[in-house]
Amino acid sequence: MAESKEKLFSEFPPVSTEEWMAKITADLKGAPFEKKLVWRTSEGFNVNPFYRAEDLEGLNTTTSLPGEFPYVRGTKKDNDWKVRQNIKVSDFKAANEKALDLLQKGVDSLGFCIKGDEVNAANIAVLLEGICPQAAELNFNTCICKAEELINILAAYLKEKGADLEKCVGSVGFDAFKKSLLKGKEMENWVECAAAVLKAGQALPRYKVLAVNACYFSDAGSYITQELGYALAWGNELIAKLTEAGFTVDEVAKNIKFNFGISANYFMEIAKFRAARWLWAEIVAAYNPECKCAAKIALHAQTSEWNMTIYDAHVNMLRTQTEAMSAAIAGVDSITVHPFDMVYRTSDDFSERIARNQQLLLKEECHFDKVVDPSAGSYYVEVLTNSIAEVAWNLFLETEEKGGFYAAVKAGDVQNAVNASNAARKKAVATRREILLGTNQYPNFTETAAEKIQCEADSCGCAATGATAIPVLDFSRGAAEFEELRLATEKSGKTPTVFMLTIGNLAMRLARSQFASNFFGCAGYKLIDNLGFETVEAGVEAALNANADIVVLCSSDDEYAEYAPAAYKALDGKATLVVAGAPACMDELKAQGIDQFIHVKSNVLETLKAFNTKLIK
């Protein structure tokens, strides 16, 4: 067998990069390689169509093993991440019962979200009754003004129960900049508050008490390099200010937990987490900690909210599955998969079970936890790791030059940059350069959603001192404007009818009727497709008999010069004529009064908004 393999490989001599490029250039037939095959990402760097071993020469990401500084391949020598499920606590007894149930269903990390005015020893005792604090990771989020008190309550509770504090793992997410980023309020005394929390946290040696919630940026639509760059600046701000306050770098760094989002960009997310470990290790090392272990980043990942949708909501499960895969492959410490229905209602038992089992599937059936850093050595992933690291590092340095993370937040630079990315991505969604299946492409034509939406608003309940108005992050999702448009159609009581007048070239009319159906289906219009008509007049007659509001002419570019004027004349203003495509004769058709065209370069959202304004008022 070995000899056979050697003979097989000997039949395939090595092919040089120059030979590959010569073949590609020949196949492009004069088209420029850079424009046709190089992906110009929104992250600030280019991605080539192929990579070779020589692309890894000199890269730092390939020189260490898992568990070795700078930890690009992992902070440990296994890939056993924790499965977290969050519980919004309104009834402490019910939350306790739910937590105990979850611990029997594969969850080994619990996240409790507690209102600040309900933080007291009695409630915490009820919440944790029967839960072994040494067998599960316990994470708590509450108002920043209550974090220190919560830590003291937890420490007292665990000591009373006789728990071995060296085996109790968890976090209390003191977020120094939440008020500024989410509510536009300054927290000038954040260093004093963080110092008090850090001092209190000494009673819980294996609890992380300082949070870097980079997931804010992801949920607000940031690009991956922005999320990472600002996360590094946020973490560095904590170290810089708290070491100035008298703490050692080891004390601060070991108490920080990074909470990242996971976008749908599969390979880039894998590379992001690898780059995060690497760059954070370098930052911490620059402070000369006593132990290199202080440079190990604590990474929690949660699936994105920005790309979740109300319409065709079960597609959210597919999105979160690939997102969870990215984080698992990248070797994070814990993962939260959001339920598919979280953006429009309080998640039920079914959606939570599915979200939980998405992770368990990766462990129990796919065995992702059995391989450490499986993407290592991939030419593509290694180059992506370095490319993301370079852009994120430059953003980190830029933020530091502005006075650090908090100064940039107070000036609104961070929020404005992320919100600009949100707007740019929404424009990409509007023009279908970024696809959200079921929303701006391939919608479920007959679906309605108004009746399933439950609106809820969360409030922290405490106020920051010295508050001034500064920009806040925009958390509107990528699908929000399309959903608003379609909900307006639903609630109007009138559903415009779109009739496909298919005629002429068979292949083109079928392709364009499908394109037009997907186009107008995004607004929730009634669609009537057809196999084809012998004459334009027959098609117009059928459209008018169907009480069509819009008639879409679907044919080939060559035939539009004849068919479009005939259809426009036959309709005589009784319905709006739309031409599917951008034919060469467009200007001539416009001169005859035909001014509605839909094609791959159309702004789908703006076009449909204009039709809604005209048809449903």
Amide H contacts under 5 Å for LYS82, placed H, 5+ residues apart: SER334, ILE335
Cβ-defined net charge surrounding ASN316, 12 Å radius [Lys, Arg +1; Asp, Glu -1]: -2
Listed residue (CYS455, GLN441, GLY201) projecting farthest to the positive dipole end of the chain, Cβ model: CYS455
Kirkwood hydrodynamic radius over Cα pairs of the range 231-366, then Stokes diffusion coefficient at 10 °C and 1.306 mPa s, in µm²/s: 98
Difference of contour (0.36 nm per residue) and Cα-Cα distance, ASN394 to LYS199: 66.9 nm
Shape box of the range 175-217 [Cα atoms, principal axes, largest first, Å]: 32, 23, 9
Unit Cα scatterers, Debye sum, the range 115-214: log10 I(q)/I(0) for q = 0.11, 0.17 Å⁻¹: -0.32, -0.74
Exposure rank, largest accessible area first [GLU290, GLU451; 1.4 Å]: GLU290, GLU451
Percent antiparallel among DSSP beta bridges (both partners in the chain, rounded to 5): 5
Degrees between helix 315-330 axis and first principal axis of the chain (Cα, 0 to 90, nearest 10): 40
Residues whose placed amide H lies under 5 Å from that of GLN441, excluding near-sequence neighbours: LEU436
Hits among lysines - C-alpha to C-alpha of LYS35 under 19 Å, sequence gap 8 or more where chains match: LYS23, LYS601
Carbon/sulfur fraction of accessible area - the range 256-313, other protein chains in place, 1.4 Å, %: 50
Placed amide H near PHE533: partners under 5 Å, 5+ positions off or other chain: THR502, ILE503, GLY504
Order by protection proxy (mean Cβ within 10 Å, highest first), peptides 316-327, 420-431: 316-327, 420-431
Fraction of alpha-carbon pairs over 15 Å apart in the range 189-274 - percent: 59
The range 376-435: equivalent-ellipsoid semi-axes (sqrt of 5 x gyration tensor eigenvalues, Cα, Å): 25, 23, 6
Contour minus Cα-Cα distance for ASP27 and GLU57 (0.36 nm per residue): 8.0 nm
Ellipsoid equivalent to the range 482-617 - semi-axes via the Cα gyration tensor, in Å: 23, 16, 14
Cα-based shape type of the range 549-613, given that a ≥ b ≥ c are square roots of the gyration tensor eigenvalues and the cut on a/c is 1.5: oblate
0 to 90° range, to nearest 10: angle between helix 266-285 axis and the chain longest Cα axis: 30
Mean Cβ count within 10 Å, highest first, over the residues of peptides 495-508, 43-56: 495-508, 43-56
C-alpha long axis of helix 557-571 to longest principal axis of the chain, angle in °: 80
J(HN,Hα) series, the range 68-85, from Karplus relation 6.51 cos²θ - 1.76 cosθ + 1.60, nearest Hz, glycine and proline x: 10, 4, x, 6, 4, 9, x, 8, 9, 9, 9, 10, 8, 7, 8, 8, 9, 10
Dipole of the chain, positive end: most advanced residue of TYR344, ALA328, ILE310 [Cβ charges, Cα centre]: TYR344
Translational D in µm²/s for the chain (Stokes-Einstein at 25 °C, 0.890 mPa s, Kirkwood Rh from C-alpha pairs): 90
Charge sum, other residues only, whose C-beta stays under 12 Å from LEU362's C-beta, Lys/Arg counted +1 and Asp/Glu -1: -2
Peptide ranges 358-371, 102-115 listed from the most packed, as the mean C-beta count within 10 angstrom indicates: 102-115, 358-371
Under the Karplus curve 6.51 cos²θ - 1.76 cosθ + 1.60, θ = phi - 60°, whole-Hz ³J(HN,Hα) for the range 332-348, x wherever Gly or Pro sits: 6, 8, 7, 9, 10, 9, 6, x, 5, 9, 5, 7, 9, 6, 6, 4, 9
J(HN,Hα) series, the range 474-490, from Karplus relation 6.51 cos²θ - 1.76 cosθ + 1.60, nearest Hz, glycine and proline x: 9, 9, 5, 6, x, 8, 4, 6, 5, 5, 4, 4, 6, 5, 4, 5, 4
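The values are calculated or read from the model by the stated rules, or taken from the named source; none is laboratory data. What you see is a predicted model, and the numbers here were worked out from it, not measured in a lab. Glycine gets a Cβ as well: all are built from the backbone with ideal geometry, and neighbour counts include every protein chain shown. SASA here: full protein model, heavy atoms, side chains in, ligands and nucleic acids out. Shrake-Rupley method; radii C 1.70, N 1.55, O 1.52, S 1.80 Å.
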